[in-house]
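Only one structure is covered here, and it is reproduced in the block below.
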Amino acid sequence: MALPILQMRGVTKRFPGTIALDHVDLTVERGEVHALVGENGAGKSSLIKVVCGVYQADEGDMQYEGAPYEPLGPLDALRAGIRVVYQDFNLLTSLSVAENLLFERLPSRLGVLDRATLHRRALELLEQVGLDVSPSEPVERLGVAQRQLLEIAKSLAVKSKVIIMDEPTATLTSRETARLFEIIGRLRASGVTIIFISHHLQEIFEIGDRVTVLRNGRKVETKDVRQTSPAELVHLMVGRKVGSKYPFHDEVQVGGEALRVESLRYHGNPNPISFSVHYGEILGIAGLVGSGRTETVRAIFGADRRQSGEFFRDGKQIKISGPQDAIRHGICLLTENRKDEGLVLPMEVRVNITLTDLARISTAGVLQPEAERSEARHLTHDLDIRLASLDQFARDLSGGNQQKLVLAKWVFRKAQIMILDEPTRGIDVGAKAEIYDLLWRLAAEGKAIIVVSSDLPELLGICHRLLVLSKGHLTGVLQRREFDQEKVLSLAYQEYMKPYLQAGTAAVQ
């Protein structure tokens, strides 16, 4: 019988005030797709960081290909043939797409970078994952979903024995996800082992062979995917009953118009977009990757340049030249990239919460530590942010708790119009339910909420109305009674299909 490619026995990892991994045993067979599931904070990220040498275990041991395995850093793991596609991207944003893809093995001729070969190899990798960008494009110009595909392509550039994928589909459309699953199928057929981490349980049943459940840093169980069910996995993951997957509270009253956007044209898009959102309303924005969802909300907030557009708050025209103007008018934005743009990761939880309105916790310009702690303590309790202490660094929180921390800072600011871009990306089923509950609490308090999401069932489940964008065009505004997944997808593909429809019409003529 073939030896497992990776075996962990009694692996324990401690941090001040918490045990991230508590005597975890894990066996991964060669050439399988082994799924890893659990709530945020269950220990998944810590486990893969031990495997790839970012963390060293405090107790326990590992074996890789039948031999003792003690990586002292990520380079040891790479040399052993273990590569990680992280949820938080590991890209050099000032370099080009091609340079990122082949950074570890840049082609050269007579000691000079061979750009022709670099370009050709990069195109081959981009084609494999279906990423339609120029190899010479700087990575800093790519969106989050494009960077995710780039990370996946990067993992294919060097032959690996084990590829660990941490939430690889979090920002991908169904078409891009299907392409990724084809790639995973080819890798498995060639003998490559995949450790696949995802909060989308249906994906695990589509591509997984076995699944291991972690909870509170401990291994709960490993099961054959064919011998379990989504309901059983949720029960094993959370250890408690989770409410309705997508709750809708029709008792929440929708009030008057909070914000009206007229003829907004963000930079690079000549198509005007107009809509409004009301107090107490959850308004969704749907569309494919590249449809302009993120660009639209960033232009409203003033985070990115716009070509034109007028804004009306409570019926009165306002000017938004930058984020400070938006914040002054009670508008906030929870960006899709919470780590880089939503939080100050090396600073304490209490600081991150109160940073949006220091005047509230200051007297005569002097910060009052007790006031800061009091406000932070109240919000972490109210939003159920799980942490060791208010002095814990934001970077040490789980993804779901980081997302709630971003919400907390805007609640502290008393924003009345809350724009959330991918608020549940990369967080588990339990944390998602908590985020939904928070959104409904805020809506019930009269706040106007705009939600951008790649998860269409999520939008259909929680929103009063839905805007659909397609290549920068607003192709539809649907009332809840009109919600239909096929209708939304038809509107989302509308502008992409026009060239084919026009070509067909021309052919008939």
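The values are calculated or read from the model by the stated rules, or taken from the named source; none is laboratory data. Everything quoted here is computed from the prediction, not taken from an experiment. Ideal geometry is used to build each Cβ from the backbone, glycine not excepted, and the neighbour counts take in all protein chains shown.
Side notes on the structure shown:
- Pairs, first at positive phi in the stretch 113-133, second surrounded by fewer than 15 Cβ atoms within 10 Å (Cβ to Cβ), C-beta under 9 Å, six or more apart: G130/R175
- Residue within the stretch 101-117 that is closer than 22 Å to I48 by Cβ and touching a strand residue (DSSP E or B) at 6+ places or on another chain (Cβ under 9 Å) present: no
- Matching helices (runs of 4 or more DSSP H) fully within the stretch 253-370 where at least 1 residues are surrounded by 16 or more Cβ atoms within 10 Å (Cβ to Cβ), charged (D, E, K, R) and assigned by TED's automatic domain parsing to the domain that holds T424: 293-301
- Number of the condition not met by D428 [criteria: (1) of a type in the set (D, E); (2) at pLDDT 85 or above; (3) surrounded by 21 or more Cβ atoms within 10 Å (Cβ to Cβ)]: (2)
- Hey, L149 buried (at least 21 other Cβ atoms within 10 Å of the Cβ) and not assigned by TED's automatic domain parsing to the domain that holds T294 or not: yes
- Exactly one residue out of V192, V220, V213, V225 is out of contact with any Ser or Thr (no Cβ under 9 Å at 6 or more places or on another chain) and either aliphatic (A, V, I, L, M) or crowded, with 20+ Cβ neighbours inside 10 Å (or both): that is V225.
- In the stretch 408-425, residue modelled with the lowest pLDDT [restricted to those that are farther than 22 Å from R260 by Cβ and not in a helix (DSSP H, G or I)]: R425
- Among the candidates L91, L72, residue that is in a loop (DSSP other than H, G, I, E, B) and touching a residue at least 60 places away in the same chain (Cβ under 8 Å): L91
For every residue, the table says whether it meets (1) hydroxyl-bearing (S, T, Y); (2) under 30 Å from D340 (Cβ atoms); (3) outside the structural domain of E232 (by TED's automatic domain parsing).
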residue	(1), (2), (3)
T18	yes, yes, no
T27	yes, no, no
G38	no, yes, no
G43	no, yes, no
P71	no, yes, no
D76	no, yes, no
L101	no, yes, yes
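- Looking across R218, R186, R226, one residue alone is over 20 Å from G461 (Cβ atoms), in contact (Cβ under 8 Å) with a residue 60 or more places away in the chain and not assigned by TED's automatic domain parsing to the domain that holds R313. It is R218.
- Looking across the stretch 306-332 at every residue that is without any contact (Cβ under 8 Å) to a residue 60 or more places away in the chain, of a type in the set (A, V, I, L, M, F, W, C) and touching a Phe, Trp or Tyr at 6+ places or on another chain (Cβ under 7 Å), the one that is nearest to R260 (Cα to Cα) is identified as I318.
- Residue satisfying all of: in the stretch 224-242; part of a loop (DSSP other than H, G, I, E, B), within 20 Å of G41 (Cα to Cα) and not β-branched (V, I, T); modelled with the lowest pLDDT among these: K241
- Top-ranked residue in the stretch 433-456 [being hydrophobic (A, V, I, L, M, F, W, C) and not in a helix (DSSP H, G or I); ranked as nearest to Y279 (Cα to Cα)]: A448
- Identity of the residue in the stretch 6-21, buried (at least 19 other Cβ atoms within 10 Å of the Cβ) and modelled with pLDDT under 95, that ends up farthest from the chain's Cα centre (by Cα): K13
- Looking across the stretch 31-51 at every residue that is within 24 Å of N401 (Cα to Cα) and assigned to a loop (DSSP other than H, G, I, E, B), the one that is modelled with the highest pLDDT is identified as G43.
- Scanning the stretch 124-146 for residues that are in a helix (DSSP H, G or I), surrounded by 15 or more Cβ atoms within 10 Å (Cβ to Cβ) and not polar (S, T, N, Q) returns L125, L126, V129, V139, V144, A145.
- Hey, G191 more than 19 Å from the chain's Cα centre (by Cα), outside any loop (DSSP other than H, G, I, E, B) and not aliphatic (A, V, I, L, M) or not: no
- Against the test of being in contact with a strand residue (DSSP E or B) (Cβ under 6 Å, 6 or more places away or on another chain), at pLDDT 95 or above and not in a loop (DSSP other than H, G, I, E, B), the options L467, L491, L459 yield a single qualifying residue, L467.
So that you can scan it fast, the table gives a plain yes or no per residue for (1) without any contact (Cβ under 8 Å) to a residue 12 or more places away in the chain; (2) aliphatic (A, V, I, L, M); (3) surrounded by fewer than 22 Cβ atoms within 10 Å (Cβ to Cβ); (4) more than 30 Å from R373 (Cβ to Cβ):
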residue	(1), (2), (3), (4)
A433	no, yes, yes, no
Y436	no, no, no, no
S470	no, no, no, yes
E482	yes, no, yes, yes
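- Hey, I184 within 30 Å of E104 (Cα to Cα) and not in a helix (DSSP H, G or I) or not: no
- Only one entry of A122, A178 meets the criterion of being over 11 Å from V85 (Cβ atoms), outside the structural domain of G268 (by TED's automatic domain parsing) and touching a Ser or Thr at 6+ places or on another chain (Cβ under 9 Å), and that entry is A122.
- The residue list P457, P423 contains one member that is under 23 Å from V488 (Cα atoms), within 20 Å of the chain's Cα centre (by Cα) and surrounded by fewer than 20 Cβ atoms within 10 Å (Cβ to Cβ), which is P457.
- Extreme residue, modelled with the highest pLDDT, among residues of the stretch 333-387 that are of a type in the set (D, E) and under 25 Å from A299 (Cα atoms): D357
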